[in-house]
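Each value in this text was obtained by applying a stated rule to the coordinates, not by laboratory testing. Quick caveat, the model's predicted, so the values are computed rather than measured. When we count neighbours, we look across all protein chains shown, and the Cβ atoms used for this are built from the backbone with ideal geometry, even at glycine.
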Amino acid sequence: MFGLSRMSPYQDLFNFQREVDRLFNQIWTDLPQRTSAAPATSFHVNSTDDGWQIDVPLPGIDPDQVNLEVAGNTLSIRADAPGGANGQSAMHYEQTFTVPQFLDIEKLSASHRHGMLRLTVPLKESVKPRRIPIETAEAQRQIEHAMNK
């Protein structure tokens, strides 16, 4: 039996541990670098009966430093906060949304509270559900009777 060597179970365990360590080290080094100055770019959209509410977290950014721009059906949010006196770097946030056609972007409203920017975009009147009355023969007779008097 030439060329065959018997490995101990401990050797297999150590090889497995080295492979797991190598895998975690590779994943850790491949992660993108996060800067502590950049706010989270996530946002939450909530659909209501009247339209949409979009919540954008902007912690540490003064509402006066937030700029909202609308062009067609595109909404852009930009925020620039200057760096602090103690060597903090400046914060920059930029997000662009394409607003669906059924929302009335002309009636967009925005509010800011506790680091959360809330955008409210109502539905267009033409797509809001409306109740349509159903005429009956009895109602038609009453109308005709009222008109004949």
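Quick one: order Ile77, Ile143, Ile132 by neighbouring beta-carbon count within 10 Å, fewest to most. Don't jump to the answer; show the numbers that get you there.
Working: Ile77 20, Ile143 11, Ile132 6.
Ordered from fewest to most neighbouring Cβ atoms within 10 Å, Ile77, Ile143, Ile132 come out as Ile132, Ile143, Ile77.
Around the amide H of Val99, modelled in the peptide plane, lie the amide H atoms of Thr74, Leu75, all under 5 Å away and 5 or more residues distant in sequence or on another chain. State whether the stretch 44-127 is rounded, prolate or oblate according to the following rule on the C-alpha gyration tensor (a ≥ b ≥ c being the square roots of its eigenvalues): a/c under 1.5 gives rounded; otherwise a/b larger than b/c gives prolate, and the remaining case gives oblate. Prolate, because a/c is 1.5 or more and a/b exceeds b/c.
By the count of other C-beta atoms within 10 Å, a proxy for reagent exposure, Lys149, Lys124 are ordered fewest to most as Lys149, Lys124. By the count of other C-beta atoms within 10 Å, a proxy for reagent exposure, Leu23, Leu103, Leu117, Leu68 are ordered fewest to most as Leu23, Leu68, Leu103, Leu117.
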